[in-house]
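Please read the structure below before turning to the comments.
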Amino acid sequence: MSNQIFVVVEHLKGKIEDITFEMLGKGKEMADASGGELVAVLLGSGAEGMASQLGAASKVIYVDDANLAEYNPQAYCKAVGSVVEANSPKMVLIGNTSMGMDIAGGVSVDLNIPFVAYASGISNDGGTITSALYGGKMNVDSSPSGDGCIVSVISGSFPADAGRVDGSPSVETASADLSGLTIQFKRLIEPEGGDVDITQQEILISVGRGIQSDENLPLAEELAAKLGGAISCSRPIVDSKWLSKTRQVGKSGLKVKPKLYLALGISGAPEHIEGMKDADLIIAVNTDPKAPIFDYAHYGVVQDLFDFIPALSGKL
């Protein structure tokens with residue numbers, strides 16, 4: 001087993017996803033602490049130019065193949081497995097995303113390597129991995145034994161800026177046997193446009209169970225319009241079909257980082273906190289003074305949102 005930390009680069013349509021930079025930042029911290037080496041694993045076709053964005057790594061292992069031009073779970077599993085088997089890294093970091101879970105599980109089974117999922121924390125020596133289970137209601141510490149392990153990291157667990165480093169890491173090309181694939185990529189079906197992209201909004205008015213009914217949503221929408229922002233929500237609102245999935249903030253929704261996040265009637269479950277904790281300014285309004293959201297808010301108001309919204313709207 002080598003003293004290397006591997007990070008599998010996740011990218012789509014030419015853009016490297018934030019989870020990759022989160023893992024690079026944490027991986028560099030671990031490599032520096034142990035005197036090891038951080039290596040980025042990049043897969044694609046004609047994608048070598050992305051290596052310049054992976055400066056946090058000392059080296060990039062690049063697999064170029066036409067079968068990797070678009071995401072194909074079978075091809076990506078084979079390619080990552082081939083690179084891992086050839087190098088025997090101490091740890092492989094993969095995003096806990098729909099793409100990453102395909103790869104992590106497949107490589108773990110193929111190479112008989114321990115796999116720890118839903119990681120939200122990793123000690124610098126790699127000896128303890130903390131996983132957030134049951135929607136973040138329970139944290140479990142694992143200490144994998146044997147030679148090497150695979151860890152899938154929950155988005156938002158580490159600061160992405162720490163890994164967002166331009167540079168000129170050395171690029172080592174590798175090959176993988178991708179013959180005999182039974183899955184073929186046909187086309188990427190994207191969601192229909194028309195709705196607001198909450199990840200791009202500077203001001204978000206977010207509603208939770210405290211809004212009580214979809215008939216009360218216009219109150220929040222009016223406030224959002226006056227503030228020049230958009231309305232978002234926690235998962236229960238989407239489950240009730242009061243707002244679309246595109247408005248959901250959280251681990252199973254979208255990660256946002258607005259300048260202002262006004263949380264109305266949101267208790268602050270860990271799943272929701274993961275999606276908004278990096279907002280520049282968080283203001284929470286809740287009738288329960290012990291609501292977890294107040295542990296993350298910069299300002300808190302213990303009040304009924306139906307009293308708060310008209311009062312603020314009146315001032316605006």
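The values are calculated or read from the model by the stated rules, or taken from the named source; none is laboratory data. In this text, all values refer to a predicted model and were calculated from it rather than measured experimentally. Here the Cβ is made from the backbone with ideal geometry for all residues, glycine too, and neighbour counts use every protein chain on show.
Here are the numbers for this structure:
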read-out: From the options Ile203, Ile266, residue that is of a type in the set (Val, Ile, Thr), farther than 30 Å from Asn139 by Cα and not assigned by TED's automatic domain parsing to the domain that holds Gly156; value: Ile203
read-out: Residue within segment 57-68 that is touching a residue at least 24 places away in the same chain (Cβ under 8 Å) and either in contact with a Cys (Cβ under 7 Å, 6 or more places away or on another chain) or within 22 Å of Ser145 (Cα to Cα) (or both) present; value: no
read-out: Cross-chain or 6+ apart pairs with Cβ under 9 Å, segment 16-30 first and free of Cβ contacts under 8 Å to residues at least 40 places away in the same chain, then not in a loop (DSSP other than H, G, I, E, B); value: Ile16/Met50; Ile16/Gln53
read-out: Residues located in segment 281-316, provided they are in a loop (DSSP other than H, G, I, E, B), modelled with pLDDT under 95 and closer than 21 Å to Ser157 by Cβ; value: Tyr296
read-out: Filter result (farther than 19 Å from Arg209 by Cβ, part of a helix (DSSP H, G or I) and of a type outside the set (A, V, I, L, M)) within segment 222-263; value: Glu222, Lys226, Thr246
read-out: Residues of segment 195-209 classified as buried (at least 20 other Cβ atoms within 10 Å of the Cβ) and modelled with pLDDT under 95, total; value: 2
read-out: Any hit, segment 155-173, residues being exposed (fewer than 15 other Cβ atoms within 10 Å of the Cβ), within 28 Å of Ala47 (Cα to Cα), touching a residue at least 60 places away in the same chain (Cβ under 8 Å) and within 18 Å of the chain's Cα centre (by Cα); value: yes
